[in-house]
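The next block holds one structure in the form of structure tokens; read it before the comments.
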Amino acid sequence: MARYAIRTLEFDKVKNMLADKAGTALGKAAVLSQQIESDFKKVNKLQEETAEAKGILDAAKRFPFGGVFNITAELKRAELGSILEPLELQQIQSTAAAIRSMKAFLAENTELAPALAEYGNNLQIFTRLEKQIDSVIDEHGEIKDTASPKLHGLRNAIVVAKNRVKEKLDSILTDPNNQKYFMDKLVTMRGDRYVIPIKQEYKMNFPGVVHDQSSTGATLFIEPMAVLNLNNDIKRYMVEEKEEIERILRQLTQNVAGDAPALLGNLDILTELDVI
């Protein structure tokens, strides 16, 4: 179609108005990139689909686009062997759940919208992947303690070791023989080590490792020798925890990579439905 005709019809303005109604970011982008269609059969098909979608909306039914994310980049990174972050995996799970909901919705409305039901027939369900991600990542995007037996054991060990350190430090802080050493009777952290504030002049009288000092130099933050091994245990457990989380995320990302081509195809179908 001639440029002047497109301008006269205010086609771009119509696209912008339509894009504001999109349910997904991908749908909005697809609307804005649409071109004039001049093939008569294609136009008839598009109008038929539009009429069916309008019929569903007129029946006070809503297309379930909630939870759809543009996971294209994440899926491609998974295919390339990158390790996805928990929040990225959570968005993939959310999108897979939305695909499942859309498939069910279109199946329920086959009589009202037979042409759109064909889109639903082409959608796949990723139940296994949904369950795999759900077993690892909680609703806040954090790795669950139960993501693996090893992780569960390590996190329990960290809690036990931290409690033992705190108990030992509390006994040091409440010992009457130690009161003159303390600037404040509190336990704090320097790096990932539990320390207590000692007056600088008593440094030689209080055995331990100095990790920091106050801006004035009057206070030293010392890790008492009595908790050195316990702090080392915590450090070791935390390193192992990080390694186990990385292993879990790597395995989960590999599972995503296996479903990536199908997910990308389903994302295209969702986008097309959003445009309709």
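Odds and ends about this structure:
- Those residues of segment 118-146 which are open to solvent by 40 Å² or more (accessible area, probe 1.4 Å) and in a helix (DSSP H, G or I), in sequence order: 118, 121, 122, 127, 128, 131, 132, 134, 145, 146
- Screening segment 193-276 for strands (runs of 3 or more DSSP E) wholly inside it with 3 or more residues that are farther than 30 Å from residue 53 by Cα, touching a residue at least 12 places away in the same chain (Cβ under 8 Å) and open to solvent by 40 Å² or more (accessible area, probe 1.4 Å) returns the ranges 208-213.
- Here is the figure for segment 226-253: residues that are more than 19 Å from residue 158 (Cα to Cα) and hydrophobic (A, V, I, L, M, F, W, C) total 2.
- Unique match (being surrounded by 12 or more Cβ atoms within 10 Å (Cβ to Cβ) and of a type in the set (Lys, Arg)) among 13, 42, 61: 61
- Residue ranges of helices (runs of 4 or more DSSP H) in segment 1-117 with at least 3 members in contact with a helix residue (DSSP H, G or I) (Cβ under 8 Å, 6 or more places away or on another chain) and among the hydrophobic types (A, V, I, L, M, F, W, C): 25-32, 86-108
- Count - residues of segment 147-170 that are touching a residue at least 12 places away in the same chain (Cβ under 8 Å), closer than 15 Å to residue 245 by Cα and in a helix (DSSP H, G or I): 6
- Qualifying residue in segment 68-89 (condition: in contact with a Phe, Trp or Tyr (Cβ under 9 Å, 6 or more places away or on another chain), in contact (Cβ under 8 Å) with a residue 24 or more places away in the chain and surrounded by 14 or more Cβ atoms within 10 Å (Cβ to Cβ)): no
- When the criteria are applied in full, residue 130 meets the requirement of being over 30 Å from residue 47 (Cβ atoms) and among the acidic types (Asp, Glu).
- Boolean, residue 167 is over 25 Å from residue 142 (Cβ atoms) and surrounded by fewer than 14 Cβ atoms within 10 Å (Cβ to Cβ): yes
- Per-region count, segment 170-184, residues loosely packed, with under 14 Cβ neighbours inside 10 Å and either of a type in the set (Asp, Glu) or closer than 26 Å to residue 233 by Cβ (or both): 5
The values are calculated or read from the model by the stated rules, or taken from the named source; none is laboratory data. The structure displayed is predicted, hence computed values, not measured ones. In this analysis, Cβ positions are derived from the backbone assuming ideal geometry, glycine residues included, and neighbour counts consider all displayed protein chains. Surface accessibility is based on the protein's heavy atoms, side chains included, excluding ligands, DNA and RNA. Shrake-Rupley method; radii C 1.70, N 1.55, O 1.52, S 1.80 Å.
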